[in-house]
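Asks: Dropping a structure here in structure tokens format, bear with me for questions.
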Amino acid sequence: MTALWRLSAATIARGVAAGSFTASEVTAAHLARVHLLDASYSAFVETWDERALATAAAIDEDRAMGRPLGPLAGVPVACKDNLVLAGERTSAGSRLLAEFRSPYTATALARLQAAGAVLLGRTNMDEFGMGNTTETSAFGPTRNPFDPSLVPGGSTGGGAAAIAADFCPLAIGSDTGGSVRQPASLCGVMGLKPTYGRVSRSGLVAYASSLDCVGALARTAEDLALWLDVTAGLDAADPTSIAAERPATPQLTARKDLRGLRIGVPREMNGPGLDEEVLAVTRTAAQLARQLGAELVDCSLPAVAHAVATYYLIATAEAASNLARYDGVRFGQRREGHGRLEAMMTRTRSSGFGDEVQLRILLGTFALSYGYAEQFHGRAARMRARLCADFATAFANCDVLLSPTSPMPAFPLGSTHDDPLTLYLCDALTVPASLAGLPAMSQPFGSTHDGRPIGVQWTASHGRETLLLQITHVLQQHSEHHLRRALP
Amino acid sequence: MNAYTTVIGLEVHVQLATQSKLFSPAPAAALGEPNTRVHAIDLGLPGVLPQPNRAAITLAMKAALALGSAVQSTSRFSRKHYFYPDLPKGYQISQFAEPLARGGAVRIDETRSCRLHRLHVEEDAGKLTHTDLGTLVDLNRAGVPLVEIVSEPDLRSPSEAHAFLTELRHVLRFCGISECDMELGSMRCDANISLMPHGATAFGTKVELKNLNSFKMVQRALEFEERRQTAVLAAGGRVAAETRGWNDESGESRPQRSKEEAPDYRYFDDPDLPPLVIALADVDAVRASLGELPRERAARYRERFHLSDVDIAQLVLDRTTGDWFEQVMAHGQDAKTVCNWLIAEVLPVLHNSGLSIVTFPITPGRLAELLQLVATGALTLVSGKRVFHHLLTRDQSPVDALRELGLDRILDVETLRPLALAATAALPEAAAAVHSGKAKALDALKGHMMRATRGRADPTVVDKLLRDTIAAQFGTP
């Protein structure tokens with residue numbers, strides 16, 4: 001029999017419900033694997049063994065008593081360290097919040113709990129989501145399970161590594177400019193960023209509010225559909241949340257092939273400047289889609305050329321605002337200022353935030369400051385509107401867009417430390433969907449000559465997560481890229 | 001005479017009388033033990049998002065409409081940034097580029113009014129208390145809904161500023177929008193003042209005055225600033241653009257910060273809050289719920305009830321008093337009589353007990369009944385007031401009360417005759433005076449009988465009986 005830790009979320013939920021194995025066995029198997037292997041990868045910042053085993057035991061008891069089980073009953077789930085869980089620490093990868101415990105639970109996690117999921121622990125991330133290598137975490141870097149000398153991507157690097165290493169079948173992440181999709185691509189797993197507002201942000205430690213989305217990583221489209229169905233929907237605690245669409249899971253197998261599907265291939269996202277092997281993998285995906293009946297159409301998103309600049313102006317401006325609350329007055333590790341308020345706040349923030357966070361706070365403060373706000377933040381907002389219009393034009397002529405997820409495959413730890421601009425360009429292909437609030441997915445579709453995973457990105461119009469899940473599900477039925485495992 | 005024209009504009013913050021805070025379910029009353037009325041949202045804990053309180057928006061719309069401001073179909077919430085321990089998020093959620101409402105006016109007197117520039121919604125900050133041990137932070141007030149009302153620079157004297165505030169408070173209280181208590185902080189005011197030569201069209205350099213904790217302080221601070229700027233200008237100097245803090249004890253203001261030191265608030269639209277879109281139908285619904293404004297009601301009372309301005313001013317002080325008055329009037333009483341009873345009897349009871357007229361123990365119907373008994377002569381005025389006080393603590397009809405008190409009017413001549421004899425015996429000089437034609441002397445005898453019957457004797461019967469008795473005793477003249 002296949003090891004329990006290799007099973008998908010859907011298989012585990014079915015198995016627990018059918019009594020093939022217990023939630024306690026599943027949880028213990030996953031925890032054992034984490035404790036055996038994670039010292040080499042640091043996917044988790046902390047595991048919640050006692051809580052997880054207690055949840056699993058309660059589910060087993062529910063089943064024994066004949067009580068109804070949730071759709072994710074017994075499924076171990078890893079949570080990114082920026083989603084609060086009442087009573088547990090949430091640090092968002094920051095020293096400043098190292099000991100912060102929230103009195104309330106994030107909606108995205110509460111809905112998982114209600115569905116019977118077993119929350120395994122919190123995964124490592126770039127500090128406050130600011131980074132794409134998971135190297136800016138105050139708790140040290142996470143390593144790529146395909147090769148520990150490589151970064152896992154970021155900022156949900158811990159979650160992506162956890163799926164790649166088979167520590168759990170489902171990991172919750174957040175995606176502001178690609179933080180679910182890019183690590184998914186670099187770690188060879190599936191990553192879904194839903195439409196902006198589809199999943200409540202309540203309890204997600206804010207980075208850039210108009211861009212932040214709760215997303216998830218898994219090995220199959222089916223597991224992501226299960227996740228979306230239990231998590232999506234309106235939430236009174238998030239005024240930007242939107243209603244759920246019809247559940248994706250029952251519609252997942254509606255397509256047997258891709259006939260009638262028009263796939264747009266944006267020139268600006270499939271052209272020069274990208275890694276040759278990355279482009280080759282995208283062509284592989286396009287070819288398979290065409291074999292399955294899809295039609296490929298050329299399209300253009302001119303504003304994509306300015307997406308990175310636009311993103312970094314908007315995201316840093318919002319970040320500087322969102323992070324203003326970490327002043328040492330109410331929470332966060334205070335550094336005394338010898339009776340002087342401003343000195344206390346300055347010392348607390350200078351010692352609590354890492355370099356990348358401080359850099360982005362400074363950039364964002366500048367972008368909104370008197371005399372510059374219009375020139376920087378104002379222009380960025382207009383460019384964002386142009387990009388949205390470009391997408392609308394493209395979607396008038398096709399159902400979905402195909403591009404690489406990341407311009408390059410995973411690279412060695414420490415290789416980008418002196419080169420923040422190159423690092424920011426990592427986001428070139430993921431920030432457009434973020435700025436437009438569109439649903440997008442990364443799907444593993446091959447690897448480099450030396451075995452580094454490469455993903456492709458599918459982007460749909462607002463609210464069409466189900467279409468993305470159907471496409472990737474069909475492709476998974478006709479390919480084996482997602483079956484390649486990093487570890488035995 | 002002063003060679004300068006004074007130009008004043010006011011910025012008034014008013015706390016909306018809502019149950020809960022602007023963006024959290026915590027109670028909005030800023031009372032109670034420190035930090036007991038605080039939700040995770042008010043603390044700005046990681047991951048919290050604002051939850052707009054529709055009731056607060058409705059009340060703010062009500063304020064706008066009561067002041068004649070135009071509610072904008074779309075307004076936006078913005079973040080105003082500054083670091084201070086009373087501000088948990090490091091920014092205040094306010095409205096900047098697109099306020100809830102624009103325009104409107106406040107009447108200063110019968111001929112002048114002051115236009116309003118804008119009205120916007122924002123959340124309050126917490127409260128700091130500085131002690132020897134350090135600064136204490138109380139966040140009960142953090143997130144309480146406020147409207148900021150900004151006037152145009154239409155006021156021309158400190159007393160006009162006082163009149164503006166008085167009328168603004170009246171309208172807002174009357175409409176149930178705010179308690180408007182400057183001492184409790186539910187109303188706050190900053191004032192901008194500049195001077196320009198008479199006839200000039202360009203305003204002078206303005207100074208902002210802060211720490212004004214009563215209407216009187218606003219006026220005093222403006223008067224001081226008027227004198228100070230006059231002196232500066234008269235000496236050929238220039239007024240510095242600055243913010244000054246008023247010290248009421250010393251009776252003068254001191255510079256707090258110059259224009260160059262003004263903070264950069266880095267306003268931008270709050271990405272956590274979608275634009276506030278208000279349909280015309282919603283505006284109409286709020287307008288319909290607004291009812292009559294104090295000035296409209298005063299005009300109606302003048303027209304319909306022919307009451308004096310002094311009486312009307314009492315009746316329109318708040319909406320419920322006038323409503324109660326009209327409920328009594330609905331039973332067909334004389335307006336002046338009802339008004340007199342209300343002002344002389346009802347309002348003092350409310351004042352002493354702290355009760356609201358809405359829960360006044362004597363219903364308007366029963367007061368009308370009581371006044372009817374007095375009007376028809378079934379009760380004397382004195383007895384009527386005894387019944388009134390009796391009813392304050394009992395759930396009874398006035399008729400039952402007067403029976404219980406034994407206050408039925410005594411009309412029977414034979415019952416009263418011994419008392420008339422006793423009165424003339426007790427006050428023989430008065431009786432003699434009446435007999436000799438001094439009708440005024442009869443009052444002392446009447447008073448004697450009224451005291452003996454505790455006011456129950458019918459005055460007309462008593463009058464005739466006393467005259468008859470005196471005539472019988474002294475013989476017909």
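Asks: Residues that are under 33 Å from the mean Cα position of the chain (by Cα): list the helices (runs of 4 or more DSSP H) wholly contained in region B:353-468 that include at least 1 such residues.
Replies: B:364-375, B:381-391, B:398-404
Asks: Restricting to region B:157-201, what's the tally of residues that are in a helix (DSSP H, G or I) and of a type in the set (Asp, Glu)?
Replies: The number of residues fulfilling the criteria is 2.
Asks: Considering only region A:277-290, I want to know if a residue exists there that is outside any helix (DSSP H, G or I), of a type outside the set (Asp, Glu) and closer than 21 Å to residue A:443 by Cβ.
Replies: no
Asks: Test residue A:182 against the criterion of being farther than 23 Å from residue A:480 by Cα and either basic (Lys, Arg) or away from chain B (no Cβ under 14 Å) (or both), and give yes or no.
Replies: For residue A:182, the condition - farther than 23 Å from residue A:480 by Cα and either basic (Lys, Arg) or away from chain B (no Cβ under 14 Å) (or both) - is not met.
Residue-by-condition table, conditions (1) small (Gly, Ala, Ser); (2) without any contact (Cβ under 8 Å) to a residue 12 or more places away in the chain; (3) out of contact with any Cys (no Cβ under 8 Å at 6 or more places or on another chain):
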site: A:39; (1), (2), (3): yes, yes, yes
site: A:49; (1), (2), (3): no, no, yes
site: A:87; (1), (2), (3): yes, no, yes
site: A:91; (1), (2), (3): yes, no, yes
site: A:106; (1), (2), (3): yes, no, yes
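Asks: A further question follows. Could you count how many residues in region A:39-57 are in a strand (DSSP E or B) and among the acidic types (Asp, Glu)?
Replies: Number satisfying all stated conditions: 1.
Asks: Ok, one more. Give me the pairs: first residue in region B:344-355 and free of Cβ contacts under 8 Å to residues at least 40 places away in the same chain, second residue surrounded by 15 or more Cβ atoms within 10 Å (Cβ to Cβ) and aromatic (Phe, Trp, Tyr), beta-carbon distance under 9 Å, and six or more apart or on different chains, which are they?
Replies: As it stands, the answer is B:346/B:324; B:346/B:360; B:346/B:388; B:350/B:360, since those pairs meet every condition given.
Asks: Count, please, the residues in region A:101-114 that happen to be in contact with a strand residue (DSSP E or B) (Cβ under 8 Å, 6 or more places away or on another chain) and surrounded by 19 or more Cβ atoms within 10 Å (Cβ to Cβ).
Replies: Summing the residues that are in contact with a strand residue (DSSP E or B) (Cβ under 8 Å, 6 or more places away or on another chain) and surrounded by 19 or more Cβ atoms within 10 Å (Cβ to Cβ) in region A:101-114 gives 4.
Asks: Restricting to region A:101-132, give me the number of residues that are part of a helix (DSSP H, G or I), within 14 Å of another protein chain (Cβ to nearest Cβ) and over 24 Å from residue A:183 (Cα atoms).
Replies: Final tally of qualifying residues: 1.
Asks: Let me ask something additional. Go through region B:330-368 and count every residue that is surrounded by 16 or more Cβ atoms within 10 Å (Cβ to Cβ) and closer than 27 Å to residue B:408 by Cβ.
Replies: Residues meeting the conditions: 13.
Asks: Residue B:138 fails exactly one of the following numbered conditions: (1) surrounded by fewer than 18 Cβ atoms within 10 Å (Cβ to Cβ); (2) under 21 Å from residue B:31 (Cα atoms). What is the number of that condition?
Replies: If we test residue B:138 against (1) surrounded by fewer than 18 Cβ atoms within 10 Å (Cβ to Cβ); (2) under 21 Å from residue B:31 (Cα atoms), just (1) comes out false.
Asks: Right, residue B:68: surrounded by fewer than 24 Cβ atoms within 10 Å (Cβ to Cβ) and within 12 Å of chain A (Cβ to nearest Cβ) or not?
Replies: No, not satisfied.
Asks: I need the full set of residues from region B:268-316 which are within 14 Å of another protein chain (Cβ to nearest Cβ) and either assigned to a loop (DSSP other than H, G, I, E, B) or touching a helix residue (DSSP H, G or I) at 6+ places or on another chain (Cβ under 8 Å) (or both), in order please.
Replies: Within region B:268-316, B:268, B:270, B:271, B:272, B:273, B:274, B:275, B:276 meet the criteria.
Asks: Applying the selection to region A:439-459, what residues are within 16 Å of residue A:391 (Cα to Cα) and either among the charged types (D, E, K, R) or surrounded by fewer than 24 Cβ atoms within 10 Å (Cβ to Cβ) (or both)?
Replies: Of everything in region A:439-459, nothing turns out to be within 16 Å of residue A:391 (Cα to Cα) and either among the charged types (D, E, K, R) or surrounded by fewer than 24 Cβ atoms within 10 Å (Cβ to Cβ) (or both).
Asks: Here's a follow-up. For the subset of region A:70-100 comprising residues that are in a strand (DSSP E or B) and hydrophobic (A, V, I, L, M, F, W, C), which member is surrounded by the most Cβ atoms within 10 Å (Cβ to Cβ)?
Replies: Per the criteria, the residue is A:78.
Asks: Evaluate the following for residue B:86: is it surrounded by fewer than 22 Cβ atoms within 10 Å (Cβ to Cβ), over 28 Å from residue A:86 (Cα atoms) and assigned by TED's automatic domain parsing to the domain that holds residue B:137?
Replies: no
Asks: Determine whether residue A:310 is modelled with pLDDT of 95 or more, assigned to a helix (DSSP H, G or I) and within 22 Å of residue A:92 (Cα to Cα).
Replies: No, not satisfied.
Asks: Right, another one. Taking the condition of being farther than 21 Å from residue A:279 by Cα and either free of Cβ contacts under 8 Å to residues at least 24 places away in the same chain or in contact with a helix residue (DSSP H, G or I) (Cβ under 7 Å, 6 or more places away or on another chain) (or both), how many residues in region A:418-433 meet it?
Replies: Residues that pass the stated criteria total 3.
Asks: Continuing with the same structure: Only residues that are of a type in the set (S, T, N, Q), over 12 Å from the mean Cα position of the chain (by Cα) and farther than 14 Å from residue A:469 by Cβ: list them for region A:181-205, please.
Replies: A:200, A:202
Asks: Continuing with this model, one more query. Those residues that are surrounded by fewer than 16 Cβ atoms within 10 Å (Cβ to Cβ) and touching a His at 6+ places or on another chain (Cβ under 9 Å), I need them from region A:50-69; list them, please.
Replies: Answer for region A:50-69, where residues must be surrounded by fewer than 16 Cβ atoms within 10 Å (Cβ to Cβ) and touching a His at 6+ places or on another chain (Cβ under 9 Å): there is none.
Okay, residues lined up against (1) surrounded by fewer than 17 Cβ atoms within 10 Å (Cβ to Cβ); (2) in contact with a Phe, Trp or Tyr (Cβ under 7 Å, 6 or more places away or on another chain):
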position: B:175; (1), (2): no, no
position: B:189; (1), (2): no, no
position: B:201; (1), (2): yes, no
position: B:209; (1), (2): no, yes
position: B:214; (1), (2): yes, no
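Asks: Would region A:237-254 turn up any residue that is touching a Ser or Thr at 6+ places or on another chain (Cβ under 8 Å), away from chain B (no Cβ under 14 Å), surrounded by 16 or more Cβ atoms within 10 Å (Cβ to Cβ) and among the basic types (Lys, Arg)?
Replies: Scanning region A:237-254 turns up no residue that is touching a Ser or Thr at 6+ places or on another chain (Cβ under 8 Å), away from chain B (no Cβ under 14 Å), surrounded by 16 or more Cβ atoms within 10 Å (Cβ to Cβ) and among the basic types (Lys, Arg).
Asks: Separate question: Can you tell me which residues in region B:71-81 are within 9 Å of another protein chain (Cβ to nearest Cβ) and farther than 17 Å from residue B:42 by Cβ?
Replies: Across region B:71-81, the qualifying residue is only B:81.
Asks: Within region A:474-488, can you find the residues that are surrounded by 14 or more Cβ atoms within 10 Å (Cβ to Cβ) and either of a type in the set (Gly, Ala, Ser) or over 19 Å from the mean Cα position of the chain (by Cα) (or both)?
Replies: A:474, A:475, A:476, A:479, A:481, A:484, A:485, A:486
Asks: Turning to a different aspect of this structure: Hey, which of the helices (runs of 4 or more DSSP H) in region A:332-450, taking only ones fully inside, have at least 3 residues that are of a type in the set (Ser, Thr, Tyr) and within 14 Å of chain B (Cβ to nearest Cβ)?
Replies: Hits in region A:332-450: A:341-352.
Asks: So how many residues does region A:191-207 have that are away from chain B (no Cβ under 14 Å) and part of a loop (DSSP other than H, G, I, E, B)?
Replies: 3
Asks: Next up: Do you know which of the residues in region B:40-65 that are more than 30 Å from residue B:293 (Cβ to Cβ) and assigned to a helix (DSSP H, G or I) is farthest from the other protein chains (Cβ to nearest Cβ)?
Replies: If we take residues in region B:40-65 being more than 30 Å from residue B:293 (Cβ to Cβ) and assigned to a helix (DSSP H, G or I), then B:42 is farthest from the other protein chains (Cβ to nearest Cβ).
Asks: How many of the residues in region B:99-132 are assigned to a loop (DSSP other than H, G, I, E, B) and away from chain A (no Cβ under 14 Å)?
Replies: Of the residues in region B:99-132, 10 are assigned to a loop (DSSP other than H, G, I, E, B) and away from chain A (no Cβ under 14 Å).
The values are calculated or read from the model by the stated rules, or taken from the named source; none is laboratory data. These numbers come from a predicted model, not from an experiment. Cβ atoms come from the backbone with ideal geometry, glycine included; neighbour counts cover every protein chain shown.
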